[in-house]
């Protein structure tokens with residue numbers, strides 16, 4: 001490790017040399033098991049030394065093949081039935097198997113590369129990933145796509161634990177949160193760069209949520225867990241199983257309490273009506289509430305400004321990281337729409353605005369690029385999805401930056417969804433205060449070219 | 001009735017006089033119970049005589065007060081508990097009661113007005129409204145908001161049965177599909193105009209859907225029904241209760257069958273992933289699949305054109321009526337976005353485009369107005385909601401008109417939602433062909449000023 005660093009030093013400035021020397025001394029004084037494990041921390045800074053963790057957890061995604069297999073085996077179908085069913089649907093059993101094999105091989109490649117460096121590796125399926133794994137590991141590798149990265153990040157609440165994403169199916173996954181696709185089959189190169197310090201830390205700002213006035217303790221529902229047992233639902237929606245006196249007592253006691261939710265959002269918080277169902281249990285009959293496509297009603301206050309009543313398809317509040325995800329899709333414009341706006345602008349102003357394909361493309365690209373901002377930016381970005389403006393409701397800004405956004409639910413049966421994966425009940429009267437705090441950052445890497 | 005018509009005639013043209021005379025003669029020859037019940041039919045035509053049905057069904061909405069009451073009574077709370085709970089949530093019990101009273105009074109006003117004219121009236125709650133009511137009635141009045149109109153229309157499959165919407169809470173409901181709000185408290189005026197022929201018929205084109213390759217008989221789930229019993233779910237999702245042999249046999253037999261769904265969409269068909277949950281039943285344990293915010297994958301072919309793979313937040317296919325509803329909200333632009341496009345256009349072209357509030361407002365309004373088209377237009381309008389364009393997927397037109405749209409599902413767990421109220425399973429391999437047919441029109445009225 002020291003040799004790597006010394007060799008790199010020859011190309012550095014005097015200042016860095018001095019800093020490195022100082023750092024090396026202090027590190028040698030401290031724990032020597034992993035000499036360059038914790039470099040000096042500055043936002044998006046270049047570490048003065050390499051990074052080589054002793055213990056790495058590799059969290060793997062569930063492939064579609066595995067999902068379909070579980071789904072149909074659960075329904076009592078055999079592997080042969082599964083094959084036929086998929087064939088009839090025009091899907092390819094062999095196609096799913098192929099993608100599953102690609103993912104599995106890429107995971108093996110990562111694991112072998114790590115072990116070859118003498119790193120202790122633990123491979124963990126997404127269903128088995130928990131706080132214990134996070135505590136055990138010096139670093140966590142997400143082996144899947146962006147969804148798997150979000151899951152991995154969701155259990156890392158400390159800003160010191162590094163998380164690295166590897167896209168195990170570049171042909172199918174976008175992998176915004178993962179290393180560039182060339183490292184998927186050349187993982188040793190990535191390890192080499194990490195070892196040599198040829199990377200920088202990127203501390204991605206995340207969102208925290210305070211929730212008050214819900215009446216019951218806010219219990220989350222994990223939406224990626226394909227199955228939720230009856231008992232879990234009972235616990236999650238306790239109000240229906242309490243007796244009247246308990247209920248009233250609990251309502252009074254806990255109503256005005258504000259809780260800081262035990263989640264940190266890496267992409268966005270989405271608030272909306274009817275995106276999930278609620279299963280209400282009755283001793284004798286099962287009732288399922290299915291509400292669909294109801295507009296979301298709420299009140300919003302940006303940076304402690306005046307409250308405004310709104311009606312829309314929902315509200316997204318994202319981070320710089322998330323500005324390339326759902327928020328981007330909510331706000332971006334198609335060339336067709338930009339062309340139409342420019343055409344109308346042309347006819348309304350009488351100006352001779354050139355409307356060739358290049359201009360339209362450039363305006364569209366510039367518009368869409370302006371929606372993206374840096375992951376380490378300390379600001380939130382809120383967007384109202386499909387605002388409903390009519391005789392009854394109005395809306396000022398459809399989107400903008402803020403430090404803090406408060407939302408009061410006026411919804412019948414709504415939820416607050418974190419990174420598309422965990423949801424909290426957010427019904428009439430509940431108030432969510434959404435903000436950022438430096439301690440919630442997620443430590444990730446950006447490799448140098 | 002004849003007197004009304006003759007008095008009105010004095011202001012009409014000679015042509016109309018002749019037509020009216022001819023009509024009067026033919027009507028007198030026919031059934032005289034309701035002499036002017038069925039005027040000559042031409043699209044959006046002026047009837048040559050008035051309209052006075054003998055039997056009218058008034059279908060009423062469920063108010064929020066009724067909903068909350070049912071919800072909490074179901075959970076075992078008393079009216080007093082309900083009051084306290086709402087107060088704690090910052091909601092107003094008295095507010096809900098007030099809106100409930102307004103609606104109820106308006107319904108009474110309608111009913112009294114009808115009976116005063118000697119019309120037989122049957123008041124039917126939305127939960128009791130069925131095909132028998134439709135058969136019984138000469139005309140149906142929807143007493144509620146647009147949602148109630150959609151429900152009423154959903155069970156009227158004949159193009160001859162008139163449907164009239166009355167907005168029973170103008171302060172809270174938009175009522176696009178209802179009569180102008182002034183008739184809510186002055187319903188006798190509306191009746192008078194109908195009687196005198198001072199209105200025209202508007203035949204609203206609706207959408208029909210052919211579905212194939214689903215593997216099981218397509219059974220719909222009524223999303224507005226607040227409760228769905230266990231038995232209904234069993235029937236709806238039969239595959240899990242059949243034995244293996246039955247299943248394979250059924251799959252082979254019914255897979256390639258094309259069914260014309262027993263629905264006609266007045267607003268739109270929306271196809272998307274994960275908008276609802278599926279309850280999968282197992283003898284011993286209840287499992288709930290909750291999938292959220294998954295992108296929808298599908299292939300689309302417009303007017304028998306080439307198939308294109310797409311990924312988005314969903315696909316909307318609407319009618320002229322629906323072009324003012326969800327489709328409008330999906331496609332409309334906020335002034336903020338239009339201003340940004342014009343600003344970038346200005347900087348890219350170097351032209352001195354004036355960007356004052358008026359210009360921006362005019363361009364925005366013209367853009368948004370272009371999204372709306374006539375309810376009797378025979379075309380469909382498709383829109384891709386939040387298209388995802390990246391390394392993996394691309395998309396040509398984000399929206400456009402068509403006579404026919406075919407969609408092949410590539411979704412894990414998706415559905416096709418009709419008018420935001422009824423959903424059909426639409427999973428991997430299923431193909432929906434969406435089109436319009438003249439016989440699917442809905443007969444509604446437009447009163448003259």
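For this structure, a couple of remarks:
- Test result for residue A:259, in contact with a strand residue (DSSP E or B) (Cβ under 9 Å, 6 or more places away or on another chain), within 9 Å of another protein chain (Cβ to nearest Cβ) and either more than 30 Å from residue B:385 (Cβ to Cβ) or modelled with pLDDT of 50 or more (or both): no
- Qualifying residue in segment A:429-439 (condition: crowded, with 22+ Cβ neighbours inside 10 Å and at the interface with another protein chain (Cβ under 8 Å from one of its Cβ atoms)): yes
- Among (1) more than 26 Å from residue B:396 (Cα to Cα); (2) crowded, with 21+ Cβ neighbours inside 10 Å, the one test that residue A:338 misses: (1)
Residues are listed down the side, and each one gets a yes or a no for (1) within 21 Å of residue A:150 (Cα to Cα); (2) over 23 Å from the mean Cα position of the chain (by Cα); (3) within 14 Å of chain B (Cβ to nearest Cβ); (4) touching a residue at least 60 places away in the same chain (Cβ under 8 Å):
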| residue | (1), (2), (3), (4) |
| --- | --- |
| A:172 | yes, no, yes, yes |
| A:177 | yes, no, yes, yes |
| A:181 | yes, no, yes, no |
| A:185 | no, yes, no, yes |
| A:188 | no, yes, no, yes |
| A:195 | no, yes, no, yes |
| A:199 | no, no, no, yes |
| A:202 | yes, no, no, yes |
| A:206 | yes, no, no, yes |
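- Scanning segment A:400-419 for residues that are within 11 Å of chain B (Cβ to nearest Cβ) and at pLDDT 95 or above gives a single hit, A:400.
The values are calculated or read from the model by the stated rules, or taken from the named source; none is laboratory data. Quantities reported herein were computed from a predicted structural model and do not represent experimental measurements. Ideal geometry is used to build each Cβ from the backbone, glycine not excepted, and the neighbour counts take in all protein chains shown.
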